[in-house]
Amino acid sequence: LVVWLRRRELKLFCAFLREHKAYALLAQNASDVVLALQRGRITWVSASVSRYSASPPQHWLQQRALAFVHPDQRHSVLVALAGLGLDESISLRLQVALAAGRYDWIQLQARCLAPEADPAAAPIITASFHLNPQDAAGLPVA
């Protein structure tokens, strides 16, 4: 019985690793930038951010997400995200500083989730964005 349980546990763990690797591969190679926020700070960002920013993904980690948003839009973004309940989604069109010296229009999709490991911890906002091709290329940063 113990051997059977160990084999079953090992099979489940291997299946978990395969699924985790598949999701990580998808997120790292998506054309959209994928990120996670907790308490307003970026805790994870996909390598695809390098397509839009000269800064490596590590530069984005632990930064306040609102620092990248155009100053005229920060309050409305903060209000929209603060009103986001668990398992709710939102779509925002906003300007962010991706490249040095300019703000680009993006289309952001965000969802608020409870952390699986510790449901009592601060919610996690998962988000993805891409440049909005319908808008002009970047406004100068003031």
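The values are calculated or read from the model by the stated rules, or taken from the named source; none is laboratory data. On a predicted model such as this, the values are computed, not experimentally measured, just so you know. FYI the Cβ positions are ideal-geometry reconstructions off the backbone, even for glycines, and counts take in every protein chain you see. Just so you know, the surface numbers come from the protein's heavy atoms only, side chains and all, with ligands and any DNA or RNA stripped out. Shrake-Rupley method; radii C 1.70, N 1.55, O 1.52, S 1.80 Å.
Along each principal axis of its Cα atoms, how long is region 44-112 end to end? Whole angstroms, biggest number first, please.
Reported extents, whole Å, longest axis first: 33, 25, 19.
Quick one: order Asp87, Asp104, Asp72, Asp118 from most to least accessible surface, probe 1.4 Å.
Asp72, Asp87, Asp118, Asp104
Keeping all protein chains in position, work out how much accessible area His75 exposes to a 1.4 Å probe, and write it in Å² to the nearest 10.
Surface accessible to solvent at His75 totals approximately 140 Å².
For an R0 of 30 angstrom, estimate the FRET efficiency from the Cβ-Cβ distance between Ser31 and Leu86 and round to the nearest 0.05. Could you put the intermediate results ahead of the total?
Values: r = 28 Å, r/R0 = 0.93.
So, using R0 = 30 Å, E works out to roughly 0.60.
Under the Karplus relation 6.51 cos²θ - 1.76 cosθ + 1.60, θ = phi - 60°, what is the ordered set of whole-Hz ³J(HN,Hα) values for region 34-48, x standing for Gly and Pro?
10, 8, 10, 10, 9, 6, x, 10, 6, 9, 7, 9, 6, 5, 5
Given 0.36 nm per residue, what is the gain on full extension from Arg111 to Ala47 after removing their alpha carbon distance, in nm?
21.0 nm
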